[in-house]
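Note sheet for the following structure.
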Amino acid sequence: MRLTRADGSHVFDSVDAAEAGRKRGRAVSRAKEHMAEIGCKGGLAAAHYHRQAARHHESGDAEEGELHGAWPQHTVSARSC
């Protein structure tokens, strides 16, 4: 049963929100190239983060290592997506 307000407008409830999320998820997941690009960029960012952390750990530079504790905003890699 659809709920309406006194003015006749629809009340957007959790069931409606779940259905909207499912529809959007199906639309996005059908865009295989887009999903592959997102995955590739995430993988490159993670690899960059781990390389930076390893370099600072090996050099014993704890302070600089802590600066790289946050997720990087960009990646530097020979490979691109």
A53: passes all of (1) modelled with pLDDT of 80 or more; (2) loosely packed, with under 13 Cβ neighbours inside 10 Å but (2)
Tell me whether the range 14-27 contains one or more residues that are in contact (Cβ under 8 Å) with a residue 12 or more places away in the chain and of a type in the set (S, T, N, Q). no
Of G65, G8, G42, G69, the only residue that is part of a helix (DSSP H, G or I), of a type outside the set (D, E) and at pLDDT below 85 is G65
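The values are calculated or read from the model by the stated rules, or taken from the named source; none is laboratory data. Note that the coordinates shown come from a computational prediction; the quantities given were computed from them, not determined experimentally. Cβ: placed from backbone, ideal geometry, glycine included. Neighbour counts: every protein chain shown.
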